[in-house]
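Quick notes on the structure that follows.
Please treat every number below as a calculation from the coordinates, not as lab data. Predicted model, so just to flag it, every value in this text is computed and none were measured. We place every Cβ from the backbone using ideal geometry, glycine too, and count neighbours over all the protein chains shown.
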Amino acid sequence: MRKWAFRGLTAPVVLFVLFGAFVWVMEVYPRRVAHPALKLAEGTLAIEHARIYVSPTDPPIDDGSILIRNGLIVAVGKQIDIPPGAPQLPCSGCVVTAGFWNAHVHFSEPKWAGAEFKSAATLNAQLVDMFLRRGFATIVDLGSNPADTLAIRRRVESTELNGPFIYTSGPPLYPPHGIPFYLHDTTPAWIRALMLQPATPAAAQDDVRRNLAAGSDVIKLFTGSWVAHGRVLPMPLAIAKSAVETAHLNGKLVFAHPSSLAGVRVAMDSGVDVLAHAADDTEGIGPGLLATIVHNNMAMIPTLKMFTTTVTADPHYMDPIYAEVRQFHSLGGTLIFGTDAGYMTDYSTEGEFEALGKCGLNAMDVLAMLTTNPAAKLGVSTQKGTVTPGKLADLTVLDADPASDLSNFSRVRAVIRSGRVILQSFRLPRLPHP
Ligand SMILES: [Zn+2]
């Protein structure tokens, strides 16, 4: 009798312990180093005979050279001394800019799940496909499982993987009962139950604090959430205000998914820093409101290609969204580049550049979106954003000049980050086939 009772107790306990161990290994252990230190490359690297876009506002340097030492840019110009024997990045007719940013991505596709335990070869191939061959040296993850993002970030910073510098928002905050329908339909109920939907300002404050303590660098709010086709649920203003205030008191920016006029207003009135999309329901969003957004110094990541490819095939659907971005730009608003890669499974960037051209942006406007604007917004202009001595050697090397065609921004030849060549897709020494 006693033995049976003992066994009856043991089975659930063993199961519980095994489940706890599984959760710890998959979800807790990968988060152990939330903020790994930046590792700079050692040694020198030179680029010669390049057209160099030092910044979007400086004239390009033709037939220029760049000298990199120990991860930093040490000299840029037409006549600089390159030490004899310094390793060279091959560049005949290449175009060099500061490293590109993609300020709206996700690691939420199933292929990133369990990133802590995936092989470096698998993850490297995915990082090349999603980011490096598109030229991105810095990315902002706006909502993924932190266990995956933090594992990738730690492995990238240890240089085990070749990847971009990663900022992350951790889990986004939704309005109460405000999970978007396109996530609702594809997410199991138990995961939905874990998604943050603070019901009070105090709960929002707790969620933001927990996110920041767990390694988030920015906060993401759904100030307007598409809870059904044609229906946006705004986040209650008091909840958004509390979240933004807590983030700002901790020196962190807030990104918002606005969706509609109501969502834009909540973002504006709560003090959000960056709209993570243009509003796709443009009803009521005119020059007056856009001028206020510009005045409030709120930046915008348009994500135009995402709307063109995931919402509808109607060719006129985009016209008012293009008009919104064009007006925002002409009013002097700060635009930041982002594609929503990860939600979007097509990672190519040509379509976004083409769409930005339709909004009246020229090559230097787009270069600012890719480099100086995000660096300034994230407060790292002294380290990133321009090809300037003293800054990190984060560089994107193109095959052709975007000044002649915006799509040339997608013709990426190499990416250098902190002085390390993390992509060199051209003229790789080919091993002879056996
Ligand atoms: Zn997104």
Cα radius of gyration and Dmax for segment 269-345 (Å): 12.4, 35
Relative contact order of segment 232-360, please, whole-number percent, based on alpha carbon pairs below 8 angstrom and at least 6 residues apart. 21
Long-range HN-HN contacts of I336 with modeled amide H, under 5 Å: M300, I301
Could you work out the relative contact order of segment 53-161? I mean the mean sequence separation of Cα pairs under 8 Å and 6+ apart, divided by the number of residues, in percent. 25
Too long at a 21 Å Cα-Cα cut-off: which of K111/K384; K111/K252; K118/K305; K39/K78; K252/K384? K111/K384; K111/K252; K118/K305; K39/K78
Once every DSSP H run of n ≥ 4 in the chain is given -39500 (n - 2.57) and the sum is divided by its residues, what mean residue ellipticity at 222 nm do you get, rounded to the nearest 500 deg cm²/dmol? -9500 deg cm²/dmol
Does segment 154-310 come out rounded, prolate or oblate by the C-alpha gyration tensor, with a ≥ b ≥ c the root eigenvalues, rounded set by a/c under 1.5 and, if not, prolate when a/b is larger than b/c and oblate if not? rounded
For the chain, with only Lys/Arg (+1) and Asp/Glu (-1) charged at the beta-carbon, what is the dipole magnitude about the Cα centre, in debye rounded to 20? 1680
Tell me, in nm to one decimal, what length is gained between L38 and N70 on full extension, where the rule is 0.36 nm per residue of separation less the Cα-Cα distance? 10.3 nm
Using alpha carbons only, how many angstrom separate the centre of segment 388-428 from the centre of segment 268-290? 32
For H104, residues with placed amide H under 5 Å, excluding near neighbours: V140, T339, D340
Counting only Cβ distances under 4.7 Å between cysteines, those in the chain with no partner are C359
Distance between segment 310-370 and segment 158-220 - C-alpha centres, whole angstrom: 25
With θ set to phi - 60° and the Karplus curve 6.51 cos²θ - 1.76 cosθ + 1.60, what are the ³J(HN,Hα) couplings of segment 138-149 in order, to the nearest whole Hz, using x for Gly and Pro? 9, 9, 10, 7, 9, x, 7, 5, x, 4, 6, 4
What number comes out for the charge environment of P234, summing +1 per Lys or Arg and -1 per Asp or Glu over other residues with Cβ under 12 Å away? 0
What is the set of long-range amide H partners of C94 at a cut-off below 5 Å, with H atoms built 1.01 Å from backbone N? R51
Contact order relative to length of the chain, as percent, for alpha carbon pairs under 8 angstrom and 6 or more apart: 19
Just report the Cα centroid separation between segment 242-260 and segment 93-135, whole Å. 26
Please quote Rg/Rh for the chain to two decimal places, taking the Kirkwood radius as Rh and restricting both calculations to Cα atoms. 1.01
16 Å reach of a label modelled at V23, 7 Å along Cα-to-Cβ, counting backbone N of segment 135-160: 146-147
Nearest 5 percent is fine: what portion of the DSSP beta bridges confined to segment 97-417 is antiparallel? 30
Considering only I73, I82, I422, give the residue with the highest GNM mean-square fluctuation for the chain, with springs between Cα atoms whenever their separation is below 10 Å. I82
